[in-house]
Amino acid sequence: MTDRAEGPGLGAGGWKRIAAITAAAALLFAVVRLLPTGTNLSHMDFRVSGPNVIEFCDPANPQFLPVVAVRSPVSLSVRAAAPAQAGSQVEATLVLTTFGGKPIAPEDLQVVQTRRIHLLIVDPSLDDYQHVHPQPGRRPGEWAFRFRPRFGGAYRLFADFTPVATNRGLYSETEMDVGGPPNPAAAGSQAPSWTAMEDGYRFALSPSPAPIRAGAPADLRLVVARADGGQVPLEAVMGAYAHLVAFDTQRSGFAHIHPKEADVARRPDPRRPTFTFRLMIPRPGRYVIWSEVSLAGRETFAPFWFDVGG
């Protein structure tokens with residue numbers, strides 16, 4: 001009697017089933033690749049060749065982005081309905097196109113932090129910072145917005161958005177001249193401080209390690225408290241309970257970072273809400289970080305001036 005080894009052989013029928021499943025999966029993949037995404041733009045529309053080109057942003061590794069010094073694959077311009085004046089509401093339109101001139105319409109951009117475009121507006125002194133969200137205009141590529149500048153001067157506008165075709169954050173910038181007297185305080189003349197009082201609330205931002213060093217990641221802890229010790233009526237804004245935006249005194253770029261506490265279903269401490277962030281700044285110099293929260297439905301901004309060592 002001869003011993004015979006038994007094994008889990010598939011047999012002809014098993015191999016046929018595997019071949020059929022593989023073919024069906026390949027066909028499904030091909031069909032999915034052909035499905036429309038809603039955008040007429042491709043990944044290549046957001047690529048420009050040559051040196052000094054802006055990189056796509058990795059949201060998992062937030063850092064200060066030198067937007068002005070590099071070439072963006074997106075062209076950004078702005079026009080106002082009437083000459084912009086300090087203290088008056090400005091009605092304006094952004095024109096957003098690819099480097100090749102194709103308009104960037106609503107279907108071409110993802111909704112990130114509840115909005116398709118985050119427009120960060122700052123005056124030369126960095127004492128007037130505003131965060132607005134342009135809405136689709138009359139024609140593809142046009143985005144309408146409004147804001148009320150406090151001072152005169154050349155306001156810089158940074159657009160923060162994520163194309164559907166790339167699934168990665170991109171940036172572009174432009175300027176708008178505003179008539180009226182400029183802020184007499186020059187950027188960087190403000191005293192360094194990690195605390196600020198706004199509307200009866202105390203904002204405290206603490207870095208770790210301290211002081212912040214160029215090229216080294218830093219953890220930031222934001223605490224909001226009422227001056228009288230009462231509850232803080234914090235509400236979610238743009239998909240989070242707090243946001244931070246950093247600028248350098250030259251306004252060469254910015255960092256737009258969100259808290260690690262990303263689940264808005266988990267409400268923060270009602271009397272001492274606390275949030276943590278991470279940021280890396282590449283160069284020494286004077287910087288300002290603006291925090292943004294919503295208190296009882298009112299968006300409130302608080303600045304923190306600080307120095308970054310080499």
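The values are calculated or read from the model by the stated rules, or taken from the named source; none is laboratory data. Here the structure is a predicted model, which is why all the values come from computation and not from measurement. Neighbour counts are summed over all protein chains in view; Cβ atoms, including those assigned to glycine, are modelled from backbone coordinates with ideal geometry.
The table below gives the values:
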item: Which listed residue, of E292, E235, is outside the structural domain of T114 (by TED's automatic domain parsing), farther than 30 Å from G152 by Cβ and in contact with a strand residue (DSSP E or B) (Cβ under 8 Å, 6 or more places away or on another chain); result: E235
item: Filter result for A191 (under 27 Å from G309 (Cα atoms) and either loosely packed, with under 13 Cβ neighbours inside 10 Å or of a type in the set (G, A, S) (or both)); result: yes
item: Among (1) within 20 Å of R202 (Cβ to Cβ); (2) not in a strand (DSSP E or B), the one test that R251 misses; result: (1)
item: Out of A265, A255, A242, sole residue that is of a type in the set (A, V, I, L, M, F, W, C), in contact with a strand residue (DSSP E or B) (Cβ under 9 Å, 6 or more places away or on another chain), without any contact (Cβ under 8 Å) to a residue 60 or more places away in the chain and at negative phi; result: A242
item: Positions within segment 87-134 being in a strand (DSSP E or B), free of Cβ contacts under 8 Å to residues at least 40 places away in the same chain and under 18 Å from T39 (Cβ atoms), in sequence order; result: P103
item: Matching residues in segment 151-173 - criterion: being within 19 Å of T249 (Cα to Cα) and surrounded by fewer than 17 Cβ atoms within 10 Å (Cβ to Cβ); result: A154
item: Identity of the residue in segment 220-264, closer than 20 Å to F306 by Cα, among the charged types (D, E, K, R) and out of contact with any Ser or Thr (no Cβ under 9 Å at 6 or more places or on another chain), that ends up surrounded by the fewest Cβ atoms within 10 Å (Cβ to Cβ); result: R251
item: Cβ-Cβ under 8 Å pairs, at least 6 apart or on other chains, segment 182-205 side of a type outside the set (D, E, K, R), far side at pLDDT below 95; result: M197/A227; G200/A227; G200/D228; Y201/A227
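Residues are listed down the side, and each one gets a yes or a no for (1) touching a Pro at 6+ places or on another chain (Cβ under 7 Å); (2) crowded, with 17+ Cβ neighbours inside 10 Å; (3) within 20 Å of M238 (Cα to Cα):
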{"site": "L76", "(1), (2), (3)": "no, yes, no"}
{"site": "P83", "(1), (2), (3)": "no, no, no"}
{"site": "E91", "(1), (2), (3)": "no, no, no"}
{"site": "T97", "(1), (2), (3)": "yes, yes, no"}
{"site": "G101", "(1), (2), (3)": "no, no, no"}
{"site": "I104", "(1), (2), (3)": "no, yes, no"}
{"site": "V112", "(1), (2), (3)": "no, yes, yes"}
{"site": "H118", "(1), (2), (3)": "no, yes, yes"}
{"site": "I121", "(1), (2), (3)": "no, yes, yes"}
